[in-house]
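The values are calculated or read from the model by the stated rules, or taken from the named source; none is laboratory data. This structure is a prediction, so every number in the text was calculated from the model and none was measured. Here Cβ is always computed from backbone atoms with ideal geometry, including for glycine, and neighbour counts include all displayed protein chains.
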Amino acid sequence: MARVAIVTGGSRGIGEAISLALRDEGFTVVANYAGNDERAKAFTAATGIPTMKWDVGDHEACLAGCQQVAEQFGPVDAVVNNAGVTRDGVLHKMSFEDWNDVMRINLGGCFNMAKATFSGMRERGWGRIVNIGSINGQAGQYGQVNYAAAKSGIHGFTKALAQEGAKFGVTVNAIAPGYIDTDMVAAVPAPVLEKIVAKIPVGRLGQANEIARGVAFLCSEHAGFVTGSTMSINGGQHMY
């Protein structure tokens, strides 16, 4: 029977690539999404991967959503915490809401999804949790104290939870993408984007499927001895 994976923010961008990669590796994939119903419908129509809507920053919604997945598809064996938002701005102009939204969704979502699935993985003796961090959680970034703090928190969360899961066959790892050619990066003004690319040793933006292949490995049977690790996929921009 195929293992079941949930990919949060799994119907677009990096999340879409991850959903497809895990499906191609034999997982039964459910793509979580938060708001864009039309995009989710189009994604399912194109890929055959079912989508389910809930806010990963809402603890009770995560518990209910994961229970629904388990009832429909079977116990959840893998979770990829990819969902995230940005609310950029320098600190002296940043509202509490901008801070709180990013922390609640980007970091809180990891806790909520792990809380909903980790115990079951532990009991069954097998599980994979992959958290999507960021180069900006490793190196910091001007105008992103909220995002950098949340992503840095993800890296710490990963290392701590990995220690809890190791003896039960549950691995917990992170991937820290650099600048990837997605809609979010496409929204960056061209002159700014040129400066970013100029700092990437390989001389280009990353592709979403390059992140997805890393996730697919970490979720596989072959990665059982890899836990508490952060895989940096950033073209050499930050060697950490």
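Numbers below:
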item: All positions within the range 109-140 that are closer than 18 Å to residue 87 by Cβ and in contact with an Asp or Glu (Cβ under 9 Å, 6 or more places away or on another chain); result: 109
item: Those residues of the range 12-32 which are more than 14 Å from residue 130 (Cα to Cα) and either at pLDDT below 95 or under 12 Å from the mean Cα position of the chain (by Cα) (or both), in sequence order; result: 12, 13, 16, 17, 31, 32
item: Matching residues, the range 60-74, being over 15 Å from residue 26 (Cα atoms) and buried (at least 16 other Cβ atoms within 10 Å of the Cβ); result: 61, 62, 63, 65, 66, 69, 70
item: Residue selected from the range 210-221 under the condition under 15 Å from residue 77 (Cα atoms) and out of contact with any Phe, Trp or Tyr (no Cβ under 8 Å at 6 or more places or on another chain), by the criterion surrounded by the fewest Cβ atoms within 10 Å (Cβ to Cβ); result: 221
item: Of residues in the range 115-134 being under 30 Å from residue 200 (Cα atoms) and in contact (Cβ under 8 Å) with a residue 60 or more places away in the chain, the one nearest to the chain's Cα centre (by Cα); result: 132
item: Matching residues in the range 135-188 - criterion: being among the small types (Gly, Ala, Ser), within 16 Å of the chain's Cα centre (by Cα) and not in a helix (DSSP H, G or I); result: 174, 176, 178
item: All positions within the range 129-154 that are hydrophobic (A, V, I, L, M, F, W, C) and surrounded by fewer than 19 Cβ atoms within 10 Å (Cβ to Cβ); result: 139, 145, 149
item: Test: residue 112 is in contact with a helix residue (DSSP H, G or I) (Cβ under 7 Å, 6 or more places away or on another chain), in a strand (DSSP E or B) and in contact (Cβ under 8 Å) with a residue 12 or more places away in the chain; result: no
item: Flag for residue 150 being without any contact (Cβ under 8 Å) to a residue 40 or more places away in the chain and closer than 21 Å to residue 12 by Cβ; result: no
item: Given (1) among the β-branched types (Val, Ile, Thr); (2) over 24 Å from residue 183 (Cβ atoms); (3) without any contact (Cβ under 8 Å) to a residue 24 or more places away in the chain, number of the condition residue 76 does not satisfy; result: (3)
item: Checking residue 82 against (1) over 16 Å from the mean Cα position of the chain (by Cα); (2) at negative phi, the condition it does not meet; result: (1)
item: Residue check, residue 83 closer than 30 Å to residue 224 by Cβ, in contact (Cβ under 8 Å) with a residue 12 or more places away in the chain and not in a strand (DSSP E or B); result: yes
item: Test: residue in the range 117-131 that is hydrophobic (A, V, I, L, M, F, W, C) and assigned to a helix (DSSP H, G or I); result: yes
item: Failed condition for residue 181, given (1) at pLDDT 95 or above; (2) surrounded by 14 or more Cβ atoms within 10 Å (Cβ to Cβ); (3) of a type in the set (D, E, K, R); result: (1)
